[in-house]
1. Using a cut-off of 15 Å between beta-carbons, work out the net charge of the residues near C:I58 (Lys and Arg +1, Asp and Glu -1, C:I58 not included).
2. Show me B:170-183, A:11-24, B:217-230 ranked by packing, highest mean number of other Cβ atoms within 10 Å first.
3. Taking 51 Å as R0, compute the FRET efficiency from the Cβ-Cβ separation of C:S71 and A:K80 and round it to 0.05.
4. Peptides B:284-291, B:314-321, C:90-97: what's the order by average Cβ count within 10 Å, highest mean first?
5. Taking amide H atoms as placed 1.01 Å from N in the peptide plane, list the residues 5 or more away in sequence, or in a different chain, whose amide H sits under 5 Å from that of B:T375.
6. Which order do A:Y93, B:Y25 fall in if you start with the one that has the fewest other Cβ atoms within 10 Å?
7. Counting other beta carbons within 10 Å of each Cβ, put C:M1, B:M430 in order, fewest first.
8. Measure nothing fancy, just the Cα-based angle from helix C:218-242's long axis to the longest principal axis of chain C, in degrees from 0 to 90, nearest 10.
Amino acid sequence: MIDLQVGFLSLILLLNILTLGSSRLKILIKNVAVAGTLVSILPLLFSYPKIAAASVAFAAVMMLVKGFIIPGLLYFSIRKVSDPIEQVPIIGYHISVIIGIVFILLALLISSKLSLHHLPSSPTTLTRDLLFATAISTIFVGLFLLMTRWKAITQVLGYLIMENGIYLLGTIVVGHMPYILEVAVLLDLLVAVMIMGIVLLNINETFNDIDTSLLVARSGSGSRSGMESESGYSKDQQND
Amino acid sequence: MIELLLIVPLLGTFLSILFPLKKVYTLPLWIATLHLFLTIINFIITCNPNLALIAEIFPGQLSGTQIQLVFFFKGYITFDGVSRVIILLTSFLFFSVSLYLYDYFKYSQIKNERSFIFFYLIFFFSMNVVILADHLILFWSAIELSTLVTAPLVLTFKTKKAVEATWRYILLCSIGIAFALIGVFFLVISLNNPSGVIAEHLSILSISNLTFSRLYLVANKLDVVWVKASFILFLIGYGTKMGIAPMHTWLADTYSEAPTPVSALLAGALTNCAYLGIYKSHQILIYANAGEFSSTLLKIYGLLSMFVAAIFILRQKDIKRMLGYSSMENIGIVCVGTAIGGVAQYAALLQVIYHSLIKSSLFLSVGNIILLYKTKENHKIFELTKKMPKSFMLFFIGIIGLIGLPPMGTFFSKMILIFESFLQKDFLTMIFFLIFVIIVGCSLITHLIRISFSKQEIDIGESRDNRESSESKNVGEENFDSRFFVWPQYLLLISSIILTFWIPATLYNLIKH
Amino acid sequence: MMRQLILLLIFIIISPLLYAIISRTKAFLVGKKGIPFLFNYYTLIKLFRKNVIYSKTITPIFKVAPIINLSAILLVLMFLPLGNLSPLLSFKGDVLFIFYLLTLGKIFMVLAGVDTGSSFEGMGCAREVFFSALGEIVLFLIFIMFYRLTNQLELSSYFVEGKLILHSKATLIPIIFISIALFVILLLENARVPVDDPLTHLELTMIHEVMILDYSGPDLGIIHLTSQLKMFFYAALISNLLMPVTSVMSIVPIIPVMPVTSGMFSVDVILPFSQLIVFTAILISVYVIVGVVESSMGRYQLKRVPKFVLSSLVLVVLATILTWRG
């Protein structure tokens, strides 16, 4: 009666929404760590009867990286940050949660229309649809976090969530990837987080806070809207 | 052996940890020389028409006269057409920039030379992997790696602006590249074509051997909808890395804040690698009979990039940003050329080659200028002709090349592009193209004249933020016109001029296909 | 019919006892002995014997409100299935009827609170109404989901014979989510700790208590009884949801279920009896969990309560998604 696959997927969905609603950085990191762990175990569940030893080993490695090493690195980066609470973002927390729910519903709609029959995953239609919906909605949630939050570390976490979603999408799509490539992807992720952490430390040293609104406001060059206003001789803006 | 091309930079990376600190700045030069040598040898070997290259696409295809070039990593890397040209180009660029670095280290304020060289060599390695990679996911990993590895390079001078530029660069490019990974997965979905026809080779195609070469062969049997979807994602993903508008926002800042040799390499080499991704996926679509779709998209984005470049280059106060926007213009030209197809594709590749050479040399000359004047602002630089005549000449020739006047090669490539779009009766594209090229050309000339010939500093009142370049130490009026500060640029420009007039037949054949 | 009436009366009488479980649990968790189990009865008796005092500014609404509230909840309780036994009353659409009855009681209490003319009570009423509005969304969504699953609008049909659980679409996980969401609503509607601390009588922090400040004597007794019954109602909903299926029950019998056809120990009597024991056990554990939650959390700032309710909304939406199709 307990459908473990459905359980995991709903837990992942819940964690995503929880991440959308949290404002404290440490809780965010914990959420992403747990979500990463779940995501790495998920392929094993989906290929339940035939589990190769290599895939178990790989899942263990991935769990280690996503659940412990990367969050550890992030904790280390924000140790020195003075204010480990997110500023009120452009789109407030409650609305973010509701938008997250809307994303999930949209993703379900998309996945039910897509009718991917041939994919090497699950027996029931619900689980397959749910898997696809979880993958797509996780990507959405990651992008959303990236776009609407101010602190640099939340942006890194958004990137991590997006990568989780892409990995889930990969689980649906491919039964088996050559492990060397999966290791390459994982390694890329690890290095990405390391480098982002280093840059974060630098941001913290230079600006004394990891608030990217400081980055944006400083030089008017290219904020998120992407258009730079360069009039060379006007006096009323802080532009280039 | 192709693998040597990959092993050499990796070896260099290890060595950079071990080398004594005083001598470490010579390391890039050694590695780059060795690499160039190997590349030329490989190139010559493979261009011999008797020995065709092997990518060993399907087992049992090796026949007698074929030499196996790829020993390990068989399914993953290849050394075909466009890759050959670009790797030669990249190797050459690295060589020239390493030459420049030899003297640059003395006068710049780079605090930790060893880490700079470490990341520099890994950057080199990653670019080699990108160019040689055949397997889609390997390609993807290598591009992601190259993004990550250039971030510390951009961050060398830890000013506030540099930190901001790095953060934006790394975040935007990583997100874009993540989209490209989704595109790869869409391609895998397209492999399972529900409309039935199973090609003979399609059935063994799965993600473990998802290489570009195989995809070309089976492209017309794939599910077109998913292939188109994957192209869109590739365009967004690799386009972010390349600098196509509207994903270009990181470009100007990053080129501006990075140390000049790094900017030279970013503009010259990394853009080409990202272009490879777009080129190859465009090829897949062409083989899948959806070429018009990708052409349209590429044209739109190419023209958009040129538009953005034209607008922003008009009033730039910062030299390196100006060069960055002109890079964007070039990216737009290349995309439009690729989109038009046929001979224009040939012209686009030529443009890629010429532009890389010219832009790198320009950046290096600008590096000299910045070292001398200690500032990046346009209006503070004056009388270049008097102070640094050699750099001036190089700068002048470089800007001529960017604009597209003869005798520089970019003239010919742009002409061919325009002719081809005439022939295909694509007047709208051509009109916009010409407008933007003219705008950019005029702006560049304006900046050039102001920098070179004006007698004194133009006073525009208080400049709000200080564009003092943090690159140079105060070592007095050194002669920045000497030795390795100018030889690389000479090398690059002369080679571009030579290439304009004499293209080896093999090169021509390669580019044609 | 008779049996169900007796059962209902028994549960109505026990509800103050159950309510005391919460306080006992809280006391136990901090190492105290706590109030005696019959404490609430003593309170009720004491209050009913007192005189009532009315202020001069009130209207008849103030006098009538507690009685309306009590009758509403009593009526609601008649629709409640107890441990898979069908309730006293049931008709098509009684779900909505129950809902509006509860709201009716609440409206009158709020009106009475405003009636006293004190701005302080007005503030409490405003808060109460605000939180109930939030909770209403969640409850409605839960009932909509139940309707989608069973296509029936009678509260009894959801729980009698374990229809909800037996239905193939509702596996364990959505049930868990709904139970948690219902639990949150329980805390919300009954003004327990994360939403409102029933023990504080500090000015700015009361919500529910504030409304009833002006009541005294039997009116106050009625109000206490009403809140205990309301707590019983919500807890019973959760217990119904969590009750294992009859067929499962027969595998693990608490009292041996043998098809005895006659006499006092006929199947008719035994089966429900064992179910009842399970039902009561789950009910008591719900109360205990409320006590544990109360001890372990502090009261939320008022601005965090909407987020709290939003979390239960998310759970309900997820449960709906999970049971969307087969």
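1. Result for the local shell: -2.
2. B:170-183, A:11-24, B:217-230
3. According to the calculation, E is roughly 0.25.
4. Result, highest mean Cβ count within 10 Å first: B:314-321, B:284-291, C:90-97.
5. Residues meeting the amide H criterion: B:S469.
6. Fewest to most other Cβ atoms nearby, the residues stand as A:Y93, B:Y25.
7. C:M1, B:M430
8. Between helix and principal axis, roughly 30 degrees.
Rule-based calculations on the coordinates, nothing more; no lab input. Keep in mind that what you see is a predicted model, and the values were worked out from it rather than measured. With ideal geometry, Cβ positions are generated from the backbone for all residues, glycine too; neighbour counts draw on all protein chains shown.
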